[in-house]
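Structure first, then comments.
Bear in mind that the values in this text are calculations on the coordinates, not laboratory data. As the structure is a computational prediction, the values presented were derived from the model and not from experiment. Note that we place each Cβ from the backbone using ideal geometry, even for glycine, and neighbour counts take in every protein chain shown.
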Amino acid sequence: MKEIIEIQREFFNSNATKSFDFRISQLKKFKKLLKYNEEAIHTAIYKDFKRSSTENYTAEIGLIYHEINNCCKNLKKWGKRQKVKTNLLNMPAKSYIIPEPLGVTLIIGAWNYPYILLFGPMIAAISAGNTAVLKPSELSLNTSSIIAKLINENFEPHFLKVIEGGIAETTELLNQKFDKIFFTGSPAVGKIVYQAAAKNLTPVTLELGGKSPAIFTEDCNLKIGVKRLIWAKFLNAGQTCIAPDYVLVHESQKENFLKLAVDELKKAQYSIENDNYVQIINRKNTQRIVDLIDSSKIYYGGNFNIETRYIEPTLMTNITFEDKVMQEEIFGPILPIISYTNLDEMIAKIKSLPKPLALYLFTNNNFIKNKILNEISFGGGAVNDAVMHFTNSNMPFGGVGNSGTGSYHGKYGFNEFSHFKSILSKPTFFEPPLKYSPYSKTKLNFIKKIFE
């Protein structure tokens with residue numbers, strides 16, 4: 001690993017990656033590779049947890065193509081020197097900012113969306129002019145293998161290199177010195193990554209998770225809101241970091257909400273055979289999720305099979321914040337529903353919990369919308385929709401507090417892997433005497449006028 005990082009640093013120091021043409025050519029090469037190997041990419045993830053090619057394309061591969069196209073189109077604009085105003089104190093002079101790549105980067109991906117959560121940051125790193133060491137999750141073994149094959153057989157290791165393995169390999173990687181670390185995963189592991197990076201003062205982006213709430217107010221469009229929520233929650237069998245983790249529904253809408261939610265689940269007919277459902281990633285996670293189900297509070301669903309890693313889409317009602325299902329991020333196909341009558345109390349409760357990665361508000365009341373968006377801190381989200389904000393590369397995607405630090409997508413990803421170098425450029429034909437001794441009251445008064 002140390003040798004790989006050394007050859008990447010040597011290549012980076014050759015300035016080869018700083019060429020815009022080089023960056024664009026590598027991105028286009030990567031896109032061509034993806035398209036040529038699409039079938040193998042779909043097959044690998046089906047082997048891991050039975051995701052269909054249709055869902056894999058819409059949830060990951062299509063978004064990767066979009067990200068590549070966006071970066072190829074705009075990275076010259078993002079990377080050009082930016083002129084800024086020069087203050088009076090420094091006149092005559094010119095001031096500008098130069099975006100520059102950070103260097104050798106480490107990107108650690110996650111198993112639930114193994115392609116986009118690794119390749120998305122990689123595309124940003126390439127666009128900004130960096131090299132990258134990639135570490136896919138070992139839990140999705142087949143996708144890890146195809147990722148390694150695609151990258152290691154088609155790119156030089158001094159530019160891109162995939163290292164497979166588990167905790168031991170990740171720990172060894174974190175012991176190395178990188179110029180940037182990008183991690184997607186749980187808050188618990190994120191803290192370990194952060195601590196390891198601190199030894200070398202390495203800048204870190206953490207894309208974590210948390211319990212993301214969905215709030216339904218009494219004046220929302222319940223029918224369309226429930227339709228969008230059910231799709232967002234049970235996409236990938238709930239194994240989505242920005243999935244709605246629990247629902248807060250106004251007491252007056254509770255019964256209608258439950259009826260509509262069941263109707264939507266029946267219409268969707270979630271199953272692997274229907275290409276719209278997946279297995280849980282492994283038996284350990286299946287058992288963990290099943291242990292969160294309180295059979296006395298099941299409203300719909302609740303069936304499971306540990307051996308086949310199947311959990312039926314499940315609605316739980318009469319839930320309180322003290323229930324076991326509310327003590328950790330579910331990351332599975334269980335939807336707890338909590339009714340409320342006092343919105344201010346619910347806002348206060350959400351604010352007392354760790355800041356979530358996402359929040360989804362379903363309302364037609366502008367006052368309530370502005371109130372919640374202004375009062376509650378969260379990574380990002382949507383009004384009258386869920387999950388889909390992730391697909392808009394014109395907005396930064398990231399967490400806050402316990403749900404992460406930093407953001408990416410589009411220009412924000414380019415910025416995350418760049419340093420913005422500030423330059424003051426002065427001519428030599430004139431030098432004001434103001435800052436030099438001997439000092440005088442006249443000089444001081446003039447300086448005060450400039451600052452005040």
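Mind ordering 405-413, 103-111 by average Cβ neighbours within 10 Å, highest first? Don't skip to the end; give the middle numbers.
Working: 405-413: 21.9, 103-111: 25.3.
Highest-to-lowest ranking by the protection proxy: 103-111, 405-413.
Rank-order 312-319, 290-297 by packing density, defined as the average count of other C-beta atoms within 10 Å over each peptide's residues, highest first. Don't skip to the answer; put the middle values down first.
Details: 312-319: 21.5, 290-297: 14.4.
Packing order, densest peptide first, comes out as 312-319, 290-297.
For the peptides 338-344, 125-131, 173-179, 254-260, the ranking by mean Cβ contacts within 10 Å, running from highest to lowest, is 125-131, 173-179, 254-260, 338-344. Computed about the Cα centre, the dipole magnitude for the chain is approximately 2360 debye when only Lys and Arg (+1) and Asp and Glu (-1) carry charge, each at its Cβ. Mean residue ellipticity at 222 nm, helices only, the chain: -12500 deg cm²/dmol; runs of at least 4 DSSP H residues each add -39,500 (n - 2.57), and the sum is divided by the number of residues. The GluC sites (Glu not before Pro) of region 316-373 meeting both criteria, a DSSP state outside H, G, I, E and B (loop) and at most 10 other C-beta atoms within 10 angstrom of the site's C-beta, are Glu322.
Starting from the Cα of Ser377, move 7 Å in the Cα-to-Cβ direction to define the label point; list residues of region 343-364 whose amide nitrogen is under 18 Å from there. Residues passing the 18 Å test: 347-360.
Assuming R0 = 56 Å, what is the FRET efficiency of Ser19 and Ile447, from their Cβ-Cβ distance, to the nearest 0.05?
Working from the Cβ atoms, E equals 0.80.
Where both bridge residues fall in the chain, DSSP classifies roughly 35% of the beta bridges as antiparallel.
By other beta-carbon atoms within 10 Å, ranking Ser25, Ser52 with the fewest at the front produces Ser25, Ser52.
Between region 142-215 and region 236-296, the C-alpha centres lie 29 angstrom from each other. Averaging the Cα positions of each part gives two centres, and for region 49-81 and region 373-439 these lie 22 Å apart. Looking at region 213-398 alone, DSSP beta bridges between its own residues are antiparallel in about 20 percent of cases. Considering Cα pairs under 8 angstrom that are at least six residues apart, work out the relative contact order of the chain and quote it in whole percent. Contact order relative to length: 18 percent.
So for Cys72, Cys220, fewest C-beta neighbours within 10 Å to most, what's the order? Intermediate values should be presented prior to the final figure.
Numbers: Cys72 18, Cys220 23.
With the fewest neighbours first, Cys72, Cys220 line up as Cys72, Cys220.
Working out 0.36 nm times the residue gap between Tyr96 and Gln82, then minus their Cα-Cα distance, what length gain in nm do you get to one decimal? Separation in residues times 0.36 nm, less the Cα-Cα distance, equals 4.5 nm.
Pop the C-beta distance of Tyr300 and Met388 into the FRET formula with R0 = 30 Å and round what comes out to the nearest 0.05.
Details: r = 24 Å, r/R0 = 0.82.
Working from the Cβ atoms, E equals 0.75.
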